[in-house]
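Below is one structure, written out as structure tokens; the observations come after it.
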Amino acid sequence: MTTPNHRAGFVSFVGRPNVGKSTLTNALVGEKIAITSAKPQTTRRAIRGIVHRDYGQLIIVDTPGLHRPRTLLGERLNDLVGSTLADVDVIGMCFPANEKIGPGDQFINTQLDDYRRAKLVAIVTKTELADRQTLTNQLMEVGKLRDWDAIIPVSALGEGANGRDQLESLTELLIGLMPESPKLYPEDIITDESIEDRVCEFIREAALEGVRDELPHSIAVTIDEMSKREDQELTDIHANIWLERDSQKGIIIGPKGSRLKAVGQTARQEIERLIGHKVFLSLRVKVAPEWQRDPKQLGKLGF
């Protein structure tokens, strides 16, 4: 039932790599819909997560980070970010509480001038990592950047004395900035991502852990087949991990296949939580030469 003065709309979080955008999205939605990693440019699609409250509905669009592109993939990701930010009602720029504002923050802040229809909110993240004085100083420095519609601190982990309260305060603030509107999604939907897309992302997340800095951008995942067996609670998944060079295969596979096995085990745990029963996961490592720069290969891999 929609209450009087119900509000609904779209918000997107921006910020330099590793400021906690995807972690914050997951925390607000209450379920893992966006993968997280310490590697830059982990997010590659516009992923929608829906937050439901009696008084409003918040659609969070988690996007790739704004950056200076070096490949065709990078250009397409920037275009995706630009088109998303042009349509949302609110843009939340994230600043870690424990890190000083730097050139990357300044660059993104200037880009916000291009999106005049959106209200702008500054979100100081990772408050659990900063003492009171450090947090106070960061809030003051963030406030000097522009005339924000609001500035709010938050711990996406829900930690600290007011961790969960901070998350709920952020939800109330963002919904309050949305236009009056009926619900845009049914109450039982928390994302419009397909199961197959989420499975691919869980596999990529597992593959990202522990790899060298130059490799994460070269990893993509596709599914050949995903089907549930008729006679038991078991789903068979046959997926491919794509790389750009043959020399990268050894890094992903590891000695005697040990690393690929670990990737499969980690991904399988997340997938089983998602679909609610056991999974047989078969992973193959393949090479698509320089796929980040090849329009045909990008199309085949979903970009």
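Only the coordinates and a few stated rules stand behind these numbers; no lab work does. None of the values given here were measured: they were computed from a predicted structure. In this analysis, Cβ positions are derived from the backbone assuming ideal geometry, glycine residues included, and neighbour counts consider all displayed protein chains.
Count charges around Ala288 for me, please; just the other residues with Cβ under 9 Å from its Cβ, Lys/Arg as +1, Asp/Glu as -1.
-1
Tell me the relative contact order for the range 72-182 as a rounded percent, counting alpha carbon contacts under 8 Å between residues six or more apart.
It comes to 26 percent, rounded to a whole number.
Average the reciprocal distances over every distinct pair of alpha-carbons in the range 195-300, invert the result, and give the Kirkwood radius in Å.
Final number for the Kirkwood radius of the range 195-300 is 14.2 Å.
Taking only C-alpha pairs under 8 Å that are 6+ residues apart, what is the relative contact order of the chain in percent?
18
Among the DSSP beta bridges whose two residues both lie in the chain, what percent are antiparallel, rounded to the nearest 5?
Around 35 percent of the beta bridges assigned by DSSP in the chain are antiparallel ones.
Rounded if a/c is under 1.5, else prolate if a/b beats b/c, else oblate: with a ≥ b ≥ c from the C-alpha gyration tensor eigenvalues square-rooted, which is the range 81-191?
Since a/c reaches 1.5 but b/c is at least a/b, the shape of the range 81-191 is classed as oblate.
Would you compute, from DSSP H runs of 4+ residues alone, the mean residue ellipticity of the chain at 222 nm, taking -39500 (n - 2.57) per run and dividing by the full residue count, rounded to the nearest 500?
-10000 deg cm²/dmol
Can you name the helices of the chain, as whole DSSP H runs, whose Cα span along the helix axis is 15 Å or more and whose Kyte-Doolittle mean is not below 0.0?
Span-like helices here: 72-85, 195-208.
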